[in-house]
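Peer 1: Okay, handing you the structure first.
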Amino acid sequence: MRVDTGFTGDLDLVSEKLFALKTNGGTELVGRVLQASLEQLRWTSSSNALKLIVVAGNESADQDKMVD
């Protein structure tokens with residue numbers, strides 16, 4: 001897993017990073033990504049903020065046997 005950008009309001013940057021992604025298939029480790037997002041990203045403590053993670057893929061999210 002890697003973080004290409006931290007949280008940002010720059011939607012052009014987000015679009016640029018998303019469209020630059022390349023894949024070759026493989027296992028999708030959604031649980032590890034969600035766990036890392038909680039540990040490595042700086043989430044706001046504001047109760048008014050929308051906190052959202054979008055997972056895009058074509059495999060089931062339960063492939064990872066190490067993380068629920």
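The values are calculated or read from the model by the stated rules, or taken from the named source; none is laboratory data. Owing to the predicted nature of the structure, the values given are computational and were not obtained by experimental measurement. When we count neighbours, we look across all protein chains shown, and the Cβ atoms used for this are built from the backbone with ideal geometry, even at glycine. With ligands, DNA and RNA removed, areas are computed over all heavy atoms of the protein, side chains included. Shrake-Rupley method; radii C 1.70, N 1.55, O 1.52, S 1.80 Å.
Peer 1: Scan segment 1-27 for residues that are within 26 Å of Q63 (Cβ to Cβ) and either modelled with pLDDT under 85 or in contact with a helix residue (DSSP H, G or I) (Cβ under 7 Å, 6 or more places away or on another chain) (or both) and jot them down. Break it down into steps so the answer makes sense when it comes.
Peer 2: Looking only at segment 1-27, we keep the residues that are within 26 Å of Q63 (Cβ to Cβ), and these are 1-5, 14, 17-27.
M1, R2, V3, D4, T5, K22, T23, N24, G25, G26, T27 - these are the residues of segment 1-27 that are within 26 Å of Q63 (Cβ to Cβ) and either modelled with pLDDT under 85 or in contact with a helix residue (DSSP H, G or I) (Cβ under 7 Å, 6 or more places away or on another chain) (or both).
Peer 1: Here's another thing I want to ask about it. Under 6 Å between Cβ atoms, which residue pairs at least 6 apart in sequence (or on different chains) link something in segment 41-68 that is under 19 Å from E28 (Cα atoms) with a partner that is surrounded by 10 or more Cβ atoms within 10 Å (Cβ to Cβ) and of a type in the set (A, V, I, L, M, F, W, C)?
Peer 2: Close Cβ pairs satisfying both conditions: V55/V30; A61/V30; D64/L29.
Peer 1: For the subset of segment 28-61 comprising residues that are open to solvent by 100 Å² or more (accessible area, probe 1.4 Å) and among the charged types (D, E, K, R), which member is modelled with the lowest pLDDT?
Peer 2: Out of the qualifying residues, it is K51.
Peer 1: Of G9, G25, which residue is at positive phi and assigned to a loop (DSSP other than H, G, I, E, B)? Steps first, please.
Peer 2: Values: G9 fails: at positive phi.
Selected residue: G25, the only one of G9, G25 that is at positive phi and assigned to a loop (DSSP other than H, G, I, E, B).
Peer 1: If you don't mind, another one. Between residues in segment 1-26 that are without any contact (Cβ under 8 Å) to a residue 60 or more places away in the chain and closer than 15 Å to S37 by Cβ and residues that are hydrophobic (A, V, I, L, M, F, W, C) and not in a helix (DSSP H, G or I), which pairs lie under 9 Å by C-beta distance while being six or more apart or on different chains?
Peer 2: From segment 1-26, the pairs are M1/L29; V3/L41; D4/A20; D4/L21; G6/L41; F7/L41; F7/W43.
Peer 1: Please verify whether segment 43-62 includes one or more residues that are in contact with a helix residue (DSSP H, G or I) (Cβ under 9 Å, 6 or more places away or on another chain), part of a loop (DSSP other than H, G, I, E, B) and among the charged types (D, E, K, R).
Peer 2: Yes; the residues of segment 43-62 include at least one that is in contact with a helix residue (DSSP H, G or I) (Cβ under 9 Å, 6 or more places away or on another chain), part of a loop (DSSP other than H, G, I, E, B) and among the charged types (D, E, K, R).
Peer 1: On to the next question. Go through segment 1-21 and give me each residue that's loosely packed, with under 10 Cβ neighbours inside 10 Å and of a type in the set (K, R).
Peer 2: R2
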